[in-house]
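Shown next, in structure tokens, is the structure this report addresses.
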Amino acid sequence: MAKSVTVRAPCSTANLGPGFDVFGMALDALYDNVILTKKGKGVVIVSSDNIPLSPSKNTAGLVVSAMKKEFKITDGIEIKIKKNVPAGFGMGSSAASAAACAVGLNKLYNLKLTDTELVEFAGIGEKASAGTIHYDNVAASALGGFVVVKTKPLNVVKIQPPNDLVLCVAVPELKVPAKKTKVSRGVIPKKVSLSDMVKNISNASAIVAGFSEKNSELIGRSVQDVIVEPARKHMIPGFDKVKKNAMAAGAYGVTISGAGPSVIAFTDKKHDAKKISNAMKRGFKAAKKKSEVFICKPSKGPIIKR
């Protein structure tokens with residue numbers, strides 16, 4: 001049996017507008033790299049990045065500790081982490097390293113976990129950053145493609161995205177608050193009107209249909225959220241302008257990526273993604289914020305090396 005495994009896990013976008021805590025999609029923009037090695041005792045985290053090194057406070061550490069306990073793994077595990085996904089910007093940073101660890105230990109110990117079991121373990125890591133377990137980002141990072149998460153009992157459905165789907169993710173230069181995901185979840189309304197719920201269910205259903213039919217335009221035009229986006233957009237300087245600019249430049253739909261502050265535009269290969277990206281940059285610039293835009297496509301999932 002191998003002594004170590006290296007996993008490169010992709011960033012992700014969650015919600016896709018109306019699919020709050022249910023939809024996720026892996027993106028090939030940025031990847032976290034994790035090396036798991038059988039070494040010493042207990043769980044040890046090694047990283048030069050600004051992340052918690054205590055296993056109980058680190059997303060990767062929580063996942064490995066839980067899997068060690070569940071499968072009675074007596075080996076010590078060293079987790080070497082190189083973060084490339086920025087923390088707190090709505091691109092699934094905590095999920096990428098958590099998913100990498102679940103995928104890596106599954107491979108290292110030949111656990112033969114199902115996709116849903118893999119996601120369940122990866123989701124444990126989200127407690128470190130969000131305070132609660134949710135599976136949209138980790139499911140996307142662990143499995144790749146577009147995912148629909150059904151809870152109680154957990155079941156994850158993966159659908160391969162259309163080949164021509166293109167995403168533009170605008171990441172503003174902002175100082176995000178500590179425990180940003182927890183903060184941004186706190187502004188979501190506890191009660192919503194029946195008409196708003198119907199609108200979101202309609203759009204969410206159309207998104208699933210769009211992925212099933214490989215119809216990028218249907219997906220993009222259905223990325224409309226009348227519940228969570230209005231409650232969160234005030235936390236993103238220039239959001240309305242960024243969205244308006246991207247739509248005018250050819251995007252089918254625009255929404256907040258995960259809990260933000262990144263903004264994601266949906267288009268296809270028929271449109272000029274560079275033009276959309278520049279329009280989004282100008283939107284943030286109007287709010288006196290610099291931004292970086294990643295033009296990407298859906299990722300097929302983690303890359304494993306022995």
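The values are calculated or read from the model by the stated rules, or taken from the named source; none is laboratory data. A quick note: this is a predicted structure, and the numbers were derived from the prediction, not measured. Glycine also receives a Cβ, built like all others from the backbone with ideal geometry; neighbour counts cover every protein chain displayed.
Structure values in brief
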item	result
Odd one out for Thr74 among (1) surrounded by fewer than 18 Cβ atoms within 10 Å (Cβ to Cβ); (2) β-branched (Val, Ile, Thr); (3) assigned to a strand (DSSP E or B)	(3)
Which numbered condition Ala265 fails, given (1) touching a Gly at 6+ places or on another chain (Cβ under 7 Å); (2) within 21 Å of Val22 (Cβ to Cβ); (3) aliphatic (A, V, I, L, M)	(1)
Enumeration of residues in region 77-96 that are touching a Lys or Arg at 6+ places or on another chain (Cβ under 7 Å), within 14 Å of Leu62 (Cα to Cα) and either in a loop (DSSP other than H, G, I, E, B) or not β-branched (Val, Ile, Thr) (or both)	Glu78
Filter result for Thr37 (hydroxyl-bearing (Ser, Thr, Tyr) and assigned to a loop (DSSP other than H, G, I, E, B))	no
Region 205-253, residues that are touching a Pro at 6+ places or on another chain (Cβ under 9 Å), more than 20 Å from Val192 (Cβ to Cβ) and surrounded by fewer than 22 Cβ atoms within 10 Å (Cβ to Cβ)	Glu213, Lys214, Asn215, Pro237
Val5 being buried (at least 24 other Cβ atoms within 10 Å of the Cβ), among the β-branched types (Val, Ile, Thr), within 20 Å of Asn110 (Cα to Cα) and at pLDDT 95 or above	no
Lone unmet requirement of (1) surrounded by 17 or more Cβ atoms within 10 Å (Cβ to Cβ); (2) hydrophobic (A, V, I, L, M, F, W, C); (3) in contact with a strand residue (DSSP E or B) (Cβ under 7 Å, 6 or more places away or on another chain) for Ala98	(3)
